[in-house]
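Before any comments, here is the structure.
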Amino acid sequence: MLIAQITDLHIGFDAADPNEYNKQRLDHVLAKILEGPNKPDLMLVTGDITERGDPESYRRTKELLGACPFPWHPIPGNHDDRTNFSRAFPDVPTPGGFVQYVLYLGALRLILLDTLEEGRHGGAFCQVRAAWLKARLEEDRKTPTVLVMHHPPMDVGIDWMRTDPREPWVQRFAEAIEGAGNVQSILCGHLHVPITAPWRGVTVAVCPAVAPGVTLDLRPMDPEKPDLRPMVVADMPGFGMHWWNGTELVSLYNYAEDPVPLAKFDGRMQGLVKHLMEERPGG
């Protein structure tokens, strides 16, 4: 099973331009996914679908995603508007008024979560959402489970994008998943840069963004002293491919670019390929 992930599209950043820069970046990502060698079974759209949560930006995005020949499943991020999101995607469940739902994919379960608090940039996870998640985890303690959410729950060190581990929402989320030994990984967005880290015994994988990236700068930042450091950069738009190998979910990331091939599977490389495969058990 192969699961694609795109995140942080930010469509409508330049709302007056129907061919805006972020739309062009999304076009490139979708083309790379649709025309590339890896054909996903489904795609996760993990938040910040729009820049301002306006209906027109959702309409544009939905039209672009409609070209995908596989199902895609969205959740909101901090730039989204929950009401307009639900109007744009009326088939997405909203138990308790929050965008949270479960996908069973054979021997794998995905639980998609809502970490939006409108007006707040960072994450949120109230008692209602936590109780819903805890109930879903208690329903099934055996099926390997992946949690999907916009905001990562851990501190990544990029000062202006950090999550403080003392934030109440992080504590509620941690308490909700405590004891759920079948939670294998957490897939996130929000940070606009690929990051992988262990958190409370679970691997958290952050997907690069469709929209421009965040500079990987771990120096402390003084909000009272602007130092002209780059914060947002026009890097290549990225996406994720999560491969379920039957035991683990393997997260791989790529960018919508056309790199120059330096080696091909030809007669010159055939010997190496054969040797590598012969090293495996049964080879």
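The values are calculated or read from the model by the stated rules, or taken from the named source; none is laboratory data. What you see is a predicted model; the values in this text were computed from it and never measured. Neighbour counts are summed over all protein chains in view; Cβ atoms, including those assigned to glycine, are modelled from backbone coordinates with ideal geometry. Just the protein is used for accessible areas: all its heavy atoms, side chains included, with ligands, DNA and RNA removed. Shrake-Rupley method; radii C 1.70, N 1.55, O 1.52, S 1.80 Å.
For the range 79-101, filtered to residues that are open to solvent by 50 Å² or more (accessible area, probe 1.4 Å) and not in a loop (DSSP other than H, G, I, E, B), the residue that is farthest from residue 12 (Cα to Cα) is 96.
Taken residue by residue, the range 208-225 has no member that is open to solvent by 10 Å² or more (accessible area, probe 1.4 Å) and either aromatic (Phe, Trp, Tyr) or in contact with a Cys (Cβ under 7 Å, 6 or more places away or on another chain) (or both).
Just to be sure, is residue 235 open to solvent by less than 60 Å² (accessible area, probe 1.4 Å) and farther than 17 Å from residue 40 by Cβ? Yes, satisfied.
Listed by first and then second residue, the pairs linking a residue in the range 83-108 that is touching a residue at least 12 places away in the same chain (Cβ under 8 Å) and over 13 Å from residue 53 (Cα atoms) to a residue that is of a type in the set (Phe, Trp, Tyr) and part of a loop (DSSP other than H, G, I, E, B), with Cβ atoms under 9 Å apart and 6 or more places separating them unless they lie on different chains, are 99/89.
Selection of the range 59-71 for residues being within 16 Å of the chain's Cα centre (by Cα) and surrounded by fewer than 16 Cβ atoms within 10 Å (Cβ to Cβ) yields only 71. The residue that is nearest to residue 233 (Cα to Cα), counting only those in the range 191-206 that are part of a strand (DSSP E or B) and more than 14 Å from the chain's Cα centre (by Cα), is 197. Scanning the range 243-283 for residues that are acidic (Asp, Glu), open to solvent by 80 Å² or more (accessible area, probe 1.4 Å), more than 20 Å from residue 34 (Cα to Cα) and in a loop (DSSP other than H, G, I, E, B) yields 248, 279.
When residues in the range 165-190 are screened for being of a type in the set (Lys, Arg) and in a loop (DSSP other than H, G, I, E, B), 1 of them pass.
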